[in-house]
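Working notes, structure below.
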Amino acid sequence: MVRVRNPISPLRPQNHRTDSAVRPFSASAGEEGARAYPRLIALANICRKAIIVEREWARPHCRARSPEAVRRARPRKDTELVSAEVAARERVTSVLREEADDISDRWVQLQLAQPSLDGDVSEAELGEEADALVGALLSGLDCGLPVEQVVTSHEEMHRAVSEISLRRARRGVSPTATSLAVLSLKEALLEAVQRRTREGEDLFRSAVLINRLLDTAGALSFEIFVEGREEIIRRQSQQLLEVSTPVVRLWRQVLAVPLIGTLDTARTQVVMENLLQAIQEHEALVAIIDITGVPTVDTAVAQHLMHTVSAVRLMGADCVISGIRPPIAQTIAQLGIDLSTILTRATLADALGEAVKLTDAASDTAPLDRR
């Protein structure tokens with residue numbers, strides 16, 4: 001016997017059944033399908049009429065919002081936004097002008113309450129920073145610059161934010177704490193605006209303006225802080241580099257440069273400058289470069305040493321390299337580095353003894369023989 005599923009009635013959801021739930025084909029099933037067919041036709045006609053009615057209703061509305069109508073309405077909306085921004089700017093400017101001292105005092109209190117404030121910044125210094133920044137903010141809003149450019153393009157405002165960032169960078173304050181300190185001015189300024197108006201729309205426009213101003217100031221303070229900290233690190237690295245390459249006078253007309261650590265191009269340049277300057281000042285005849293503290297000697301280090309020796313000889317002095325340990329001697333030999341034109345000794349004491357002999361011979365005879 002052939003088995004088929006029940007026809008689906010359009011007036012009730014389909015009943016999903018397994019294969020075991022099907023029933024044999026019968027005449028009653030055909031009769032049920034025949035009765036459901038007119039209902040489907042009627043339902044389709046109703047849907048078609050609904051679509052036609054919806055299109056007829058939407059046609060005049062679409063004509064009212066034509067592209068030309070949209071273009072005509074847009075300037076009016078833009079003008080309203082510009083007027084609201086101008087009013088908010090005037091409102092914030094008026095608050096800054098009339099309550100500058102209260103805003104500054106409130107900002108100092110908010111900073112002192114922050115747990116991230118460190119670096120031993122005193123309340124008096126915070127007060128000076130607050131007066132300077134609030135005054136610069138007022139001056140920036142009074143000028144004709146757009147709000148987006150007040151912080152970055154107004155000279156006084158930019159200088160006030162920069163001074164705060166650099167001063168705290170030198171004190172060791174973290175960049176996050178510096179940015180939070182600048183952003184905390186929002187709360188003090190919003191409280192002052194709220195005391196002047198209670199209108200929700202006015203408060204909203206003023207808050208948007210203040211956020212745009214001070215968010216830019218916070219980002220600028222972070223950027224300047226990082227740049228200032230990097231400059232401090234570069235300066236300290238240069239100072240450490242100069243201290244780590246001292247030129248020592250060991251004997252009359254004998255100088256020594258003890259090298260410790262890796263010898264790169266920048267450090268070689270500092271060594272060369274300091275050594276040549278000392279040779280000129282002390283009228284030295286021998287310069288000892290001690291590489292006992294240099295962990296490894298490769299081709300690059302050897303080239304740096306050769307350049308230094310050449311510069312010393314151009315100054316009329318001779319050069320001795322000391323601190324050639326057995327591992328370093330093996331490395332130099334394996335790399336095929338030629339140091340035969342340079343006088344070398346195993347220890348600094350041996351190099352000093354050789355230098356004394358050279359200076360004594362130079363004082364007794366003619367200029368120093370090149371080795």
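The values are calculated or read from the model by the stated rules, or taken from the named source; none is laboratory data. Since this is a predicted model, take the numbers as computed values, not measurements. We place every Cβ from the backbone using ideal geometry, glycine too, and count neighbours over all the protein chains shown. With ligands, DNA and RNA removed, areas are computed over all heavy atoms of the protein, side chains included. Shrake-Rupley method; radii C 1.70, N 1.55, O 1.52, S 1.80 Å.
Each residue, residue 148 and residue 314, gets one label point 7 Å from its Cα in the Cβ direction; the gap between the two is 5.3 nm. Here the stretch 238-332 exposes an accessible surface that is 59 percent carbon and sulfur, computed with a 1.4 Å probe and the other protein chains kept in place.
Hey, with R₀ at 41 Å, roughly what FRET efficiency would residue 123 and residue 85 work out to, going by the Cβ-Cβ distance, to 0.05? Walk me through the numbers on the way to the answer.
On the way: r = 36 Å, r/R0 = 0.87.
Calculated value: 0.70.
Can you give the extra length, in nm with one decimal, that the chain gains between residue 98 and residue 114 once fully stretched, where that is 0.36 nm per residue apart less the Cα-Cα distance?
Values: separation 16, 0.36 × 16 = 5.76 nm, distance 2.65 nm.
Stretched out fully, the residue 98 to residue 114 stretch lengthens by 3.1 nm.
I'd like the FRET efficiency for residue 230 and residue 273, computed as 1/(1 + (r/R0)^6) with the beta carbon distance as r and R0 of 22 Å, rounded to 0.05. About 0.40, to the nearest 0.05.
In square angstrom, what is the accessible area per residue of the stretch 134-214 with a 1.4 angstrom probe?
Values: 3670 Å² over 81 residues.
Value returned for the stretch 134-214: 45 Å² of accessible area per residue.
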